[in-house]
Amino acid sequence: MAALRAGLLGVGMMGRHHARVLRELDGVDLVAIADPAGDPHGVSGSLEVLPDIDALIAAGIDMAVVAVPTRFHEDAALKLAAAGVHTLVEKPIADSLEAGQRMVDAFRDAGLVGAVGHIERFNPALQQLRRRLEAGELGAVYQIQTRRQGPFPSRIADVGVAKDLASHDVDLTAWVAQSDYAHVFAQTTFKSGREYEDMIAITGRLESGVIVNHLVNWLSPMKERVTVVTGEKGAFVADTSTGDLTFFANGTIPLEWESVTAFRGVSEGNVTRYAFAKREPLRVEHEAFRDAVLGKPSDVVTMEQGQRTLAVVEAALASAREGETRTL
């Protein structure tokens, strides 16, 4: 079978990584790159850097990756859909729900694969976590909490921390729990002098009844990427920075310390850190997109799912503005 002809729009901080992986992906040939700002990281190699999305489409591509600022997603995606090109856009799907829905409709009506780059789903720690939850190793799930904190990234200029980072946590939480959001309440703060929020705290509940909490900011001097799932038999802790997954089991040994035994709750048990293959999430994401384009079974993040994630984030931002819980 002939290799899929791939095009890449945007070779900035994220696009340069897409270029590398596309070149290494079996069954895919990177044949065209476009970026109106040129090639700041020198990743084009022998390829000419085309000026815009129209030139990229004219190169005759089967699939495309869109890695440009969020406000440009809709225009590029709609042109790609009209040209019959399967497309993966970086997260979030768009800068507004209206734009995102137009993208969803365009790819659905054209019968094309439209995907969103929520890369955390492909993190080895979270994939291992979901498999273990499905196998019942935690029993009933009670709560999912995430912490995604770190310094401000100068590359982000057109959205706040909610759409740029909290969207990761919203997507991975719904995916890990296999349940959509029912309610959210949020608080934000603006400390960096920008028009967009740089800190958000979200609490809510999934349709399954699981309680969720997300702490996300660009104001911390340390970098943290942690997901904690607490349930009937203990707690899983996934560190997506390192790809590690640890299980803290509820204790089964009777306690003898009187002041402790008076507390009617769980006790500390064994701690297990799992060993498993840790493949690069971006490569796994691209493999899923390629397989979806080829019509194979794939757990790609669809545009419909990306739109639901954006709806939750928009509801959280509205909650922060209004001071009220929002129902999805």
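Summary of values
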item: Residues within the range 84-95 that are out of contact with any strand residue (DSSP E or B) (no Cβ under 9 Å at 6 or more places or on another chain) and either within 14 Å of residue 288 (Cα to Cα) or modelled with pLDDT of 95 or more (or both), tallied; result: 2
item: Flag for residue 77 being touching a Gly at 6+ places or on another chain (Cβ under 6 Å), of a type in the set (Gly, Ala, Ser) and buried (at least 22 other Cβ atoms within 10 Å of the Cβ); result: no
item: Residue pairs meeting the criteria (Cβ under 8 Å; at least 6 apart or on separate chains; first free of Cβ contacts under 8 Å to residues at least 24 places away in the same chain, in the range 300-328; second open to solvent by 30 Å² or more (accessible area, probe 1.4 Å)); result: 318/326
item: Of all residues in the range 84-99 being in a helix (DSSP H, G or I) and either surrounded by fewer than 19 Cβ atoms within 10 Å (Cβ to Cβ) or among the polar types (S, T, N, Q) (or both), the one that is farthest from the chain's Cα centre (by Cα); result: 98
item: Scan of the range 40-78 for residues that are hydrophobic (A, V, I, L, M, F, W, C) and part of a helix (DSSP H, G or I), ordered by number; result: 53, 55, 56, 57, 58, 72, 76, 77, 78
item: The one condition in (1) surrounded by fewer than 20 Cβ atoms within 10 Å (Cβ to Cβ); (2) over 21 Å from the mean Cα position of the chain (by Cα); (3) part of a helix (DSSP H, G or I) that residue 102 fails to fulfil; result: (2)
item: Among (1) farther than 18 Å from residue 14 by Cβ; (2) out of contact with any helix residue (DSSP H, G or I) (no Cβ under 7 Å at 6 or more places or on another chain) - the single one residue 130 does not satisfy; result: (2)
item: When residues of the range 47-59 are limited to those that are within 29 Å of the chain's Cα centre (by Cα) and closer than 21 Å to residue 107 by Cβ, the one most open to solvent (accessible area, probe 1.4 Å); result: 54
item: Residue in the range 119-136 that is among the β-branched types (Val, Ile, Thr) and in a loop (DSSP other than H, G, I, E, B) present; result: no
item: Residues of the range 142-179 satisfying the condition of being in contact with a strand residue (DSSP E or B) (Cβ under 7 Å, 6 or more places away or on another chain), outside any strand (DSSP E or B) and either open to solvent by 50 Å² or more (accessible area, probe 1.4 Å) or of a type in the set (Ser, Thr, Tyr) (or both); result: 173, 179
item: Tally, over the range 227-244, of residues that are touching an Asp or Glu at 6+ places or on another chain (Cβ under 8 Å), surrounded by 15 or more Cβ atoms within 10 Å (Cβ to Cβ) and over 17 Å from residue 142 (Cβ atoms); result: 1
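Conditions tested, residue by residue: (1) open to solvent by 30 Å² or more (accessible area, probe 1.4 Å); (2) within 23 Å of residue 95 (Cα to Cα); (3) modelled with pLDDT under 95.
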| position | (1), (2), (3) |
| --- | --- |
| 33 | no, no, no |
| 38 | no, no, yes |
| 42 | yes, no, yes |
| 45 | yes, no, yes |
| 67 | no, yes, no |
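The values are calculated or read from the model by the stated rules, or taken from the named source; none is laboratory data. All values reported here derive from a predicted model rather than from experimental measurement. Don't worry about glycine lacking a Cβ; one is built from the backbone with ideal geometry, like all the others, and counts go over all protein chains shown. Surface areas here come from the heavy atoms of the whole protein model, side chains and all, with no ligands, DNA or RNA. Shrake-Rupley method; radii C 1.70, N 1.55, O 1.52, S 1.80 Å.
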